[in-house]
1. So, R0 is 25 Å and r is the distance between the beta-carbons of residue 60 and residue 29; what FRET efficiency does that work out to, to 0.05?
2. How far apart, in nm, are two points set 7 Å out from the Cα along the Cα-to-Cβ line at residue 71 and at residue 115?
3. Cross-link list 106/138; 69/136; 69/106; 106/136: which exceed 27 angstrom alpha carbon to alpha carbon?
4. Which value, in debye to the nearest 20, describes the size of the charge dipole of the stretch 19-90 about its Cα centre when Lys and Arg Cβ atoms bear +1, Asp and Glu Cβ atoms bear -1, and nothing else is charged?
5. How much FRET efficiency would the formula 1/(1 + (r/R0)^6) give for residue 40 and residue 107, where r is the Cβ-Cβ distance and R0 is 22 Å, rounded to 0.05?
6. May I ask you to derive the relative contact order of the stretch 22-137, considering only C-alpha pairs under 8 Å and at least 6 residues apart, and to give it as an integer percent?
7. Taking a temperature of 10 °C and a viscosity of 1.306 mPa s, what whole-number D in µm²/s does Stokes-Einstein yield for the stretch 22-137 with Rh from Kirkwood over alpha carbon pairs?
Amino acid sequence: MKPMLAALVLVTASASFLPDACAQALPAAVEERIRVQFAVADENKDGVVEVDEIVGHALYVFARHDTNKNRYLEQAELPGHDPARFRQADRDGDGRLSHGEVAADKVLEFFEIDANRDGVVTIQEVLVYESAQRAKRK
Ligand SMILES: [Ca+2]
Ligand SMILES: [Ca+2]
Ligand SMILES: [Ca+2]
């Protein structure tokens, strides 16, 4: 009985204060940038981001970065982009990202961010996800 109770207390404790603690770990400038990106991605302005909105946003960003307009993104077209992230998205390993590779990467990330699995992503879910990612990178 006792170990079970301890586990229960642990779950309750982490559920109640961990997300807040995580969100606070983000520098204000980073949080602000995330909030701006979220607002842009939320095309229908209902306060949550759906998977279609994230794909639409990703392809919009794709077009803006594809400066030589060859319908592929090379690492050189993404200054400041994490090279490890680039390689992860580059599924066929040809050194460039196609529309499909970018869309797939975003869809996979979307469902990872959607912690409560309700099919939409809230700003809180994004902030918790981002701080977890940053903690992992450290
Ligand atoms: Ca929306
Ligand atoms: Ca590729
Ligand atoms: Ca969600």
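1. On the way: r = 23 Å, r/R0 = 0.92.
In this case the efficiency is close to 0.60.
2. That separation, rounded to one decimal, is 3.9 nm.
3. 69/136
4. On the way: 8 positive and 14 negative charges, 63 e Å.
Approximately 300 debye in magnitude.
5. Values: r = 18 Å, r/R0 = 0.82.
The calculated FRET efficiency here is 0.75.
6. Details: 108 pairs, mean separation 37.4, N = 116.
Computed value for the stretch 22-137: 32 percent relative contact order.
7. Values: Rh = 15.0 Å.
Here the translational diffusion coefficient equals 106 µm²/s.
Every read-out reported here was derived from the displayed coordinates using simple, explicitly stated rules and does not represent laboratory data. Since this is a predicted model, take the numbers as computed values, not measurements. Here the Cβ is made from the backbone with ideal geometry for all residues, glycine too, and neighbour counts use every protein chain on show.
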